[in-house]
Amino acid sequence: MMQFFLLINRQGKVRLAKWFVPTPTSEKNKIAREVAQLVLSRRNKMCNFIDWKDRKIVYRRYASLYFITTVDNDDNELYALEAIHQYVEVLDRYFGNVCELDLIFNFHKAYFVLDEVLLGGELQESSKKAILKSVAQQDNLMESPEHAPISEI
Amino acid sequence: MDRLFSSSTRLKDLVRSVRSSKTAAEERAVIAKESALIRTQFKEDNADYRHRNVAKLLYIHMLGYPAQWGQIECVKLLASPRFADKRLGYLGITLLLDESQEVLTLAINSMKNDLNSSNVYINGLALAAVASITSTEMAHDLATDVERLMGSSSGYIRKKANLCAVRLVSRAPSTLAEGFTAKAIRYVLNEKHHGALLAGITLIHELCMISPESLAVFRSHTAHIIRILNALITGPPSHEHDMDGVADPFLQIRILRLLRLLGAGHPQSSDLMGDILAQVRACRHTAPRPSPPPCMVIDPTVRTIMAIEAEPSLRVMAINIIGRFLANSKDNSTRYISLNTLLQTIQRDPAAVQRHRKTVVECLHDSDVSIRRRALDLTFALMNSSNVRPLVRELLLFLERAEPALKPHVITELAAVSARYAPNRRWHLDTLIRVIRLAGNYVRDDILGEIITLIQQSPDLQPYAVLKLYTALRENASQAALVLTAVWSIGEYGAVLVHGSPSFTSAALFDDEQSLDDGAPAATEEARRQQAISEQEVLDLLEEILRFPAVPALPARQTIRAYVLNTLLKLSARFSDDQAVQTRIASMLDTFRCSPNAELQQRACEYSALFTGDASMKALRRELAEPMPTPEVQSAQPRSPDASGIVDAAPAVGGAAAGGATSAGGLLVDLLGLDEPIGVSSTPATGSSGVAALDLLSELSLGTSTAAAPATGAPAATSLDALLGLSTPATAAPAAQPSSPGGGAIAPTVQAGDMTIEPHYMVDATDNRILNIRLMLRNTSAGGLSDLKVLAAPYRSQKVQMRPLSSTQLAPGEVSPLLLRVFCPIGESPRLRLRIQYNDASMTARDVISDLDKFPVMH
């Protein structure tokens, strides 16, 4: 299973951080910094995996953003890599040609989409269509009078 | 500005003002102001803006500012009937809470209600949150709700419930595994929804991992699971789930992983899998993506084939596919995966993996550290006595270029494999000397001890070794381990170096044509060019090192100086009585009588006192500097050759494993005060004996000739020898190792069948979450035990690595060490369950379970 899912930009700024294993906040920040440093120091042609502690970091870069997760040592790295790709494709379709700004101003939506892709550190759906459908339906639900927030975000 | 931060500040306004902050201080001010505002509104219990405020708070949290104070507001949002509030509230608690926080108990009620809601999306939110932050207590409370949702009519809910169940059973395996196993059989095996099936297979895998009973149950369903995979592969294509013509690769991979577990060590299940696994075909690497889906599925298939009891032909095919991947792929990710798979399969079929040796070795010199790391582990795993020469040559090249962090690991492993597979001692020595020449500043003390012990144990090689080390030292004195070894050897074998020895002819020395080391010809040349090395030349070199050690680290410099002082004392006895030589040695010692370093000063003063003229002192020097007795031949205990041992080779465990064999040299190092700071008082290993020796020496320096202890005098001689670095490791070893041979502490002894287990443990020096444990298994029965096998299982949140037993036999009263390494989160104490299987004296098979849980809490 994945321990966390992290999205950082090239400057190492965290754009999304989801933890699937209970971890104290200070530890979360420390790990995020450490992992960001490792990933950002890698050159383009290098592989998408880094041995890290007793786990493996799996990361992938899309334009200025790095999507990072870790897997257990005996788990399948390509599976995690494709799961990252799955999330990115869904984000892209959801926002329509997603860019970093979309994710900054709508960070909560990025989390909502992620929650339909991963659950408890495991991939929950192999169909992008199904993921987009469930996100859209929940968004619709939020529009209905009895479920909409009192104050707009 | 004030208006901007009024109660109606929207999230996007906050984001904008943060982004427009020019400096970090400005950003902090914006956040502080906004936080204060939100806090006030929270205090007023303003429900109108709660949603917006929590959203802003989460943004603040993501920027790394404190936001824990808003947890309660998130819990309040959960209780709201509005979906929008719940959605944000759940996001909030998963980001801000973890299971250790009491606020969580306040949220449980809302979560329970939401699990029972009639709205599937509200169910879904609660399931995701439960999976993220569940505690053991919550797992019990919510298990029945999750079990019920596993049978929901909505595929959307079933998939979330299945994955939520994965987390619940991993929290409370003993109590929940049985119930969830029953549900999984009922719902998952007949699942048609892709997502729910994917999640369900993940659940089954987890159940099989944590419970042997569940594993047995699901093994009886192996045929069914294979049918699911078969239907997936051969069924009609599904546009929604397929990728590049491959049927739902995610699902395939998860099923393959489950099959691996079901088939491992179980021939009946494995037989059923042969046909479907044989369908693997290599894919071409034309796709632009790093992991084209066809390749994605092949690797797990190969791993499954290698893990289960598959037919040999199938295995060879599998390894060849991976070998081709490795050789043909330009893509680093694929190469990494291939190396990793080879590494994991090498134990099953070493011969097949050996065929790809050349490619593996090429990867050692890749520019990507991830690839190099894998190739390194694999190279060590590939090592055997027939390929040790070429592989070690490659590894030495690797060592030269390796990044500093990796060097100690490489050195430890190189020392282990060269001890294990050395074709002869000469080669072994050459290799070790090469290592300390290349990376002498990264060599751990125990390796240094190993080298010195090796030299001591090989009288025929001593002339060669000292000449070679001397030559190497002249070329480069910047590698600490090389300097120490060379200086020590010069002291010990200085006479041979200068005068030659009867058995020492260059013809006898340099005949090992196959020697890997290019230093050998250089040494030969050196020897030829320079017919003899003069005593003054040796002293020149030592003086330079004494004055200006070229080693970067200060503690190492002081240690080197201490070694040189010892060597000088020894040389005064080894070299000729030429007045010039003796005076020079005395004056070199003299310069350190005022050293600011107490240890060096003390040595210099005491040794200088031995040069005070009269003949009795000279005789005493001779006696003190007698050649070190050769330690008993304890052929260096080679470390585990198996892949796991090498992959996980932990420096500290390596040290402990070699401890027995290398304590000789290690002790020497100890006694010479390699520990920092230098000082006899700070080397507790020598303890009182060291102090006694000092007393003795001070008496000696006063000229009490009666105290000239004969070398045979038991305790006094030992301590005296020890102080002078002349110790006999065999006799001195017990003194230096107090209660536990590996150092550290001892947990209560446990009785297990016919043996007692005495756990010695020590927290790893490099990582305080790792406990290195040495179990001393003692046969307490009257008869011998055979076919001894030990399995260790850690507590759920912990991991354990175990080295193989050195022997499967245990004679009556015999003690056998077993080394383990437990990775344990801070705040927990390591807990292990051992399963010990053996045949007792009457050849009756015994199977004993023993719990080791008396270790301290890791902190």
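The values are calculated or read from the model by the stated rules, or taken from the named source; none is laboratory data. All values reported here derive from a predicted model rather than from experimental measurement. Note that we place each Cβ from the backbone using ideal geometry, even for glycine, and neighbour counts take in every protein chain shown. For accessibility, only protein heavy atoms count, side chains too; no ligands or nucleic acids. Shrake-Rupley method; radii C 1.70, N 1.55, O 1.52, S 1.80 Å.
Results, tabulated for the structure shown:
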{"item": "Where a residue in the stretch B:142-156 is closer than 11 Å to residue B:127 by Cα and its partner, wherever it lies, is open to solvent by 30 Å² or more (accessible area, probe 1.4 Å) and not in a helix (DSSP H, G or I), with Cβ under 7 Å and at least six apart", "result": "B:145/B:116"}
{"item": "From the options B:573, B:609, B:619, residue that is within 20 Å of residue B:498 (Cα to Cα) and modelled with pLDDT under 90", "result": "B:573"}
{"item": "Top-ranked residue of the stretch B:380-417 - restricted to ones that are hydroxyl-bearing (Ser, Thr, Tyr) and out of contact with any Phe, Trp or Tyr (no Cβ under 8 Å at 6 or more places or on another chain), ranked as surrounded by the most Cβ atoms within 10 Å (Cβ to Cβ)", "result": "B:412"}
{"item": "Test: residue in the stretch B:187-194 that is open to solvent by 30 Å² or more (accessible area, probe 1.4 Å), aromatic (Phe, Trp, Tyr) and either in a helix (DSSP H, G or I) or at pLDDT 95 or above (or both)", "result": "yes"}
{"item": "Only listed residue being touching a residue at least 24 places away in the same chain (Cβ under 8 Å) and within 14 Å of chain A (Cβ to nearest Cβ), chosen from B:186, B:171, B:219", "result": "B:171"}
{"item": "Qualifying residues in the stretch B:222-250 (those that are of a type in the set (Gly, Ala, Ser) and more than 14 Å from every other protein chain (Cβ to nearest Cβ)) - the one surrounded by the fewest Cβ atoms within 10 Å (Cβ to Cβ)", "result": "B:245"}
{"item": "Residues satisfying the stated conditions in the stretch B:750-773, i.e. within 21 Å of residue B:798 (Cα to Cα) and not in a strand (DSSP E or B)", "result": "B:764, B:765, B:766, B:767, B:768, B:769"}
{"item": "Filter pass, residue B:797 being open to solvent by less than 70 Å² (accessible area, probe 1.4 Å), of a type in the set (S, T, N, Q) and not assigned by TED's automatic domain parsing to the domain that holds residue B:347", "result": "yes"}
{"item": "Any hit, the stretch A:102-118, residues being under 25 Å from residue B:256 (Cβ atoms), modelled with pLDDT of 95 or more and aliphatic (A, V, I, L, M)", "result": "yes"}
{"item": "Hits in the stretch B:108-135 (condition: charged (D, E, K, R) and either surrounded by 18 or more Cβ atoms within 10 Å (Cβ to Cβ) or under 20 Å from residue B:84 (Cβ atoms) (or both))", "result": "B:114"}
{"item": "Top-ranked residue of the stretch B:328-350 - restricted to ones that are at the interface with chain A (Cβ under 9 Å from one of its Cβ atoms) and open to solvent by less than 10 Å² (accessible area, probe 1.4 Å), ranked as farthest from the chain's Cα centre (by Cα)", "result": "B:333"}
{"item": "Of all residues in the stretch B:570-619 being surrounded by fewer than 16 Cβ atoms within 10 Å (Cβ to Cβ) and among the β-branched types (Val, Ile, Thr), the one that is nearest to residue B:496 (Cα to Cα)", "result": "B:583"}
{"item": "Matching option when the condition is among the aromatic types (Phe, Trp, Tyr), more than 9 Å from every other protein chain (Cβ to nearest Cβ) and open to solvent by 20 Å² or more (accessible area, probe 1.4 Å), among A:87, A:62, A:66", "result": "A:62"}
{"item": "Complete set of residues in the stretch B:447-473 that are surrounded by 23 or more Cβ atoms within 10 Å (Cβ to Cβ) and acidic (Asp, Glu)", "result": "B:450"}
{"item": "Search result, residues across the stretch B:49-68 that are facing chain A (nearest Cβ under 9 Å) and hydroxyl-bearing (Ser, Thr, Tyr)", "result": "B:49, B:59"}
{"item": "Evaluation of residue A:79 against (1) more than 8 Å from every other protein chain (Cβ to nearest Cβ); (2) over 22 Å from residue B:68 (Cβ atoms); (3) surrounded by 21 or more Cβ atoms within 10 Å (Cβ to Cβ); (4) touching a strand residue (DSSP E or B) at 6+ places or on another chain (Cβ under 8 Å) (one fails), failing number", "result": "(1)"}
{"item": "The stretch B:69-101 - residue that is among the basic types (Lys, Arg) and buried (at least 24 other Cβ atoms within 10 Å of the Cβ) and, of those, farthest from the other protein chains (Cβ to nearest Cβ)", "result": "B:86"}
{"item": "Selection count where residues are among the small types (Gly, Ala, Ser), in contact (Cβ under 8 Å) with a residue 40 or more places away in the chain and over 13 Å from residue B:755 (Cα atoms), scope the stretch B:806-844", "result": "2"}
{"item": "Enumeration of residues in the stretch A:133-143 that are more than 8 Å from chain B (Cβ to nearest Cβ) and open to solvent by 30 Å² or more (accessible area, probe 1.4 Å)", "result": "A:133, A:136, A:139, A:140, A:143"}
{"item": "In the stretch B:102-117, the residues that are within 13 Å of chain A (Cβ to nearest Cβ) and either out of contact with any helix residue (DSSP H, G or I) (no Cβ under 7 Å at 6 or more places or on another chain) or over 23 Å from residue B:60 (Cα atoms) (or both)", "result": "B:117"}
{"item": "Among residues of the stretch A:97-132, those that are at the interface with chain B (Cβ under 7 Å from one of its Cβ atoms) and charged (D, E, K, R), counted", "result": "4"}
{"item": "Residue check for residue A:150: among the hydrophobic types (A, V, I, L, M, F, W, C) and either part of a helix (DSSP H, G or I) or at the interface with chain B (Cβ under 8 Å from one of its Cβ atoms) (or both)", "result": "yes"}
{"item": "Residue identified as among the charged types (D, E, K, R), away from every other protein chain (no Cβ under 14 Å) and in a helix (DSSP H, G or I) among B:206, B:213", "result": "B:213"}
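Here is a yes/no grid of residues against (1) out of contact with any Lys or Arg (no Cβ under 7 Å at 6 or more places or on another chain); (2) modelled with pLDDT under 90; (3) farther than 19 Å from residue B:574 by Cβ:
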| residue | (1), (2), (3) |
| --- | --- |
| B:428 | yes, no, yes |
| B:435 | yes, no, yes |
| B:450 | yes, yes, yes |
| B:466 | yes, no, no |
| B:469 | yes, no, no |
| B:478 | yes, yes, yes |
| B:491 | no, no, no |
| B:497 | yes, yes, no |
| B:503 | yes, yes, no |
